[in-house]
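Peer 1: Supplied in structure tokens, the structure appears directly below.
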Amino acid sequence: MKKNFPAWRPPLIPALLALASLAAGPALRAAQTNYLASLDISQVSQGWGEPYANQSVEGHAISIGGQSFSRGLGTHANSQFILDLGGHADSFSARVGVDDEVGQGNGTVIFKLVGDDGKVLWQSKEMHAGDAPVPAELPLTGVKQLTLVAESPDAIDYGHADWADAYIVYNKKGRPKALSSFQEEAVILTPHPAPRPRINSAKVMGVRPGHELLYTIAATGDRPMTFAAEHLPTGRHWWSGLFGGSDPKVGLHLDPQTGRITGTLKMPGTYKVTLHAKNALGEATRELKIVVGPQIGLTPALGWNSWNCFASAVTAEKVKAAADAMVTSGLINHGWTYINIDDFWEVHRDSQDPTLQGPQRDASGHIIPNPRFPDMKGLADYVHDKGLRIGLYSSPGPWTCGGCVASWQHEVLDAQSYAQWGFDYLKYDWCSYGQIDKGDTLAGLQKPYRVMRAALDSVDRDILFSFCQYGMGEVWKWGAEVGGNSWRTTGDINDSWGSMAGIGFRQNGHEVYAGPGHFNDPDMLVVGKVGWGPNLHPTHLSPNEQYTHISLWCLLAAPLLIGCDMTQLDPFTLSLLSNDEVLEVDQDPLGHQAARVALNGQTEVWAKDLEDGSKAVGLFNRGYEKTIVKVNWSDLGLKGKQTVRDLWRQQDVGQFSDSYSAEVARHGVVLVRIWPAK
Ligand code: GLA
């Protein structure tokens, strides 16, 4: 049973300091106590929920080992709170522990106080709920930056991490400044694309028999550039003549100026095409396999989605601008393809905003978009005319997560509308389906996805099907069988280290369920200017954390959906999204997902096989201090001399016989590809 303690008592140390300052003259008198909860705690990055001032992460009174505290900061592992002290701090004091709200013995958290250059200045033992609060006392003289860290070594579940009675004493007036991320120089590693042509689009694509195909040959290099394709299936066969000639609508056509391949193919089979891209400086070729059959989405989707930037503020103009920017930024030349509208293209159930009001469906039940999207077909045509594909969003319940009209009992009609408008991608959420089925059985969890799968199968258009039910019922185990091309494995991501790294590094074990046409989806990218609404901000991930994000997602063969405002891409963000050797790791035709092959404290090595027999390997440092990370060939099943190439820098780093080691920045990565040495 919890013991009830009297409400807040002044902590001993500040009280003593106050007394001392009275006695000791002007220098000490100026000392100032800054309670942690009075700082800008919105800058706390954490793995789940929101930080709370003077309460636990679930909004209860802070309670550790039966002791209640009326002051403190309630967070959730893995969390970090970065404070710029300006070198003016004297000391830190707190009582730390796992909040009693999670129940005796639950949660595992290690608390750390990290100083300049990532030095761990103090660290708690491994703590669980029920353990008595542990005092964290630290002199801070000369320390410029202090980071409060609460980490769970394995799963973050129940990691309700409290910094009770936490304060920093300053030696003069002033306050610690909370930072959203480490202030690091944004070093661009991606080299400029070469002026000679290089083809970057997927090496394999699936299309269903008789369905429209659009494949843009993505190529970097100076313009003007022209395109050609050998062995492009024309749809004409030796027997065509016998039966009155070929069907002019069947067969593929390449536009030599734009590099777009369009058309349809009726005969199932694998067609091997050789693509050419030519400019004044040279010519590039690449083999493309077009697989006509039941499976589409053979490589993870590459594109943009409106949610992480605009959320409920999306409009058709913003979607068009994103498509424009996909072209003008040059990202289309690196293989980026989809322009996806998330929630809020539909009419809202009760919004006061007139642009979200209107009739929800017509007399025959067809969905009517809200006034911000007056012409869905026109919008799809606009996006297709740029050589891109377009996607949208719905939910199986009556309402979407944002409270807009969803597809319940209108699945076939909705699929027909999507096809008729010309949409190529559907993200299908779970929201409000809880009203129909509690989701407590596997059959119940699967049903809405089976229903929409059948609806999509009934229309004559290829629509990529992306499940978004946050991993319920271990969806990775059945997502492919139920017909998903991808499935979210987690809740929503945000642009914090706690969220991104928490999600990314939790994907280990899911790799056995990924393959061509069906991929795990750890949620969308949070680089560039994001905001989930009208007000955007630059991502709160530090530059090294952003390298980790993109490298890990590529290793995971994740769908890559850019979440930022495409019209405000800065050079660093662009460089993260346009490294062809890195993107090739994501788009590799084998469709393998990386697994963790080594774990050593805060460092991890993840690796996956690539089609040409090489391996992509990520050396990650989740710690706060730069460190050497090593991969042993034995961890990769390799023997003998190997050539190692740094993918971000696109440079060979040498040949190594047993292992490769690299210095990795805090929260950073070194991403390499390894081939047997010739
Ligand atoms: C859920 C999804 C998000 C987004 C919103 C839209 O939260 O996980 O990705 O689609 O719904 O309301």
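Peer 1: Compute, for the range 12-179, the length of the dipole vector about the Cα centre, with Cβ point charges of +1 (Lys, Arg) and -1 (Asp, Glu) only. Units Debye, rounded to 20.
Peer 2: So the dipole magnitude of the range 12-179 works out to roughly 920 debye.
Peer 1: With point charges of +1 on the Cβ of Lys and Arg and -1 on the Cβ of Asp and Glu, referenced to the Cα centre of the range 12-179, which listed residue (V143, F81, H128) lies farthest in the positive direction of the dipole?
Peer 2: Most positive-ward Cα: V143.
Peer 1: Given the pairs K144/K173; K427/K447; K203/K678; K641/K678, which are separated by over 19 angstrom at their Cα positions?
Peer 2: Pairs exceeding 19 Å: K203/K678.
Peer 1: With +1 on the Cβ of every Lys and Arg and -1 on the Cβ of every Asp and Glu, and nothing else charged, how large is the dipole of the range 428-546 about its Cα centre, in debye rounded to the nearest 20?
Peer 2: 120 debye
Peer 1: For the range 353-358, take each phi angle, set θ = phi - 60°, evaluate the Karplus expression 6.51 cos²θ - 1.76 cosθ + 1.60, and give the result in whole Hz per residue in order, putting x for glycine and proline.
Peer 2: Going residue by residue, I get 6, x, 6, 10, 9, x Hz, with x marking Gly and Pro.
Peer 1: Can I ask one more? Restricting things to alpha carbons, tell me how big the range 12-179 is in terms of Rg and Dmax, in Å.
Peer 2: 15.4, 50
Peer 1: Could you list which residues have their amide H under 5 Å from that of S68, counting only those 5 or more apart in sequence or on another chain, with H placed in the peptide plane?
Peer 2: F5
Peer 1: Using the Kirkwood formula over every pair of different C-alpha atoms, what hydrodynamic radius in Å results for the chain?
Peer 2: Values: mean 1/r = 0.0370 Å⁻¹.
Hydrodynamic radius (Kirkwood, Cα only) of the chain equals 27.0 Å.
Peer 1: Once R0 is set to 45 Å, what does the formula 1/(1 + (r/R0)^6) return for the Cβ-Cβ distance between D40 and Y470, expressed as a FRET efficiency to the nearest 0.05?
Peer 2: 0.95
Peer 1: Out of G403, G637, Q295, whose Cα points farthest toward the positive end of the dipole of the chain (charges: +1 Lys, Arg; -1 Asp, Glu; placed on Cβ)?
Peer 2: The Cα lying farthest towards the positive end belongs to G637.
Peer 1: Once both axes come from the Cα atoms, what is the angle between helix 543-555 and the longest principal axis of the chain, in degrees from 0 to 90, rounded to 10?
Peer 2: For helix 543-555, the angle is close to 40 degrees.
Peer 1: Using the Karplus curve 6.51 cos²θ - 1.76 cosθ + 1.60 with θ = phi - 60°, work out ³J(HN,Hα) for each residue of the range 38-46 in order, rounded to whole Hz, and write x for Gly and Pro.
Peer 2: Calculated HN-Hα couplings, in order: 8, 7, 7, 6, 5, 7, 5, 9, 8 Hz.
Peer 1: Now, a different point. Determine the calculated [θ] at 222 nm for the chain from helices alone, applying -39500 (n - 2.57) to every DSSP H run no shorter than 4 residues and normalising by the residue count; nearest 500 deg cm²/dmol.
Peer 2: -4500 deg cm²/dmol
Peer 1: While we're here: Taking the Cα centre as origin and putting +1 on Lys and Arg beta-carbons and -1 on Asp and Glu beta-carbons, what dipole magnitude results for the chain, to the nearest 20 debye?
Peer 2: Its charge dipole is roughly 740 debye.
Peer 1: Under a point spin-label approximation (7 Å from Cα along Cα-to-Cβ), what is the Q650-E663 distance to one decimal in nm?
Peer 2: Computed distance between label sites Q650 and E663 equals 2.6 nm.
Peer 1: Among P359, F519, A455, which residue has its Cα furthest toward the positive end of the charge dipole of the range 302-592, with +1 on Lys/Arg Cβ and -1 on Asp/Glu Cβ?
Peer 2: Toward the positive end, the furthest listed residue is P359.
Peer 1: Enumerate the amide H contacts of V597 below 5 Å, restricted to partners 5 or more residues apart or on another chain; note that Pro and chain-start residues carry no placed amide H.
Peer 2: V605, W606, A607
Peer 1: Please list, in chain and number order, the residues 5+ apart from V57 or on another chain whose amide H is under 5 Å from its amide H, with Hs placed from the backbone.
Peer 2: Under 5 Å from the amide H of V57 lie the amide H atoms of T75, each far enough along the sequence or on another chain.
Peer 1: Helix 316-328 versus the longest principal axis of the chain: what angle, 0 to 90°, nearest 10, using Cα atoms?
Peer 2: 80 degrees
Peer 1: Same structure, new question: Ordered by residue, what ³J(HN,Hα) values in Hz, to whole numbers, does the range 181-192 give under the Karplus form 6.51 cos²θ - 1.76 cosθ + 1.60, where θ = phi - 60° and Gly and Pro are x?
Peer 2: 7, 5, 7, 10, 6, 7, 7, 7, 9, 5, x, 4
No value in this document is a laboratory result; all are computed from the given coordinates. On a predicted model such as this, the values are computed, not experimentally measured, just so you know. Glycine also receives a Cβ, built like all others from the backbone with ideal geometry; neighbour counts cover every protein chain displayed.
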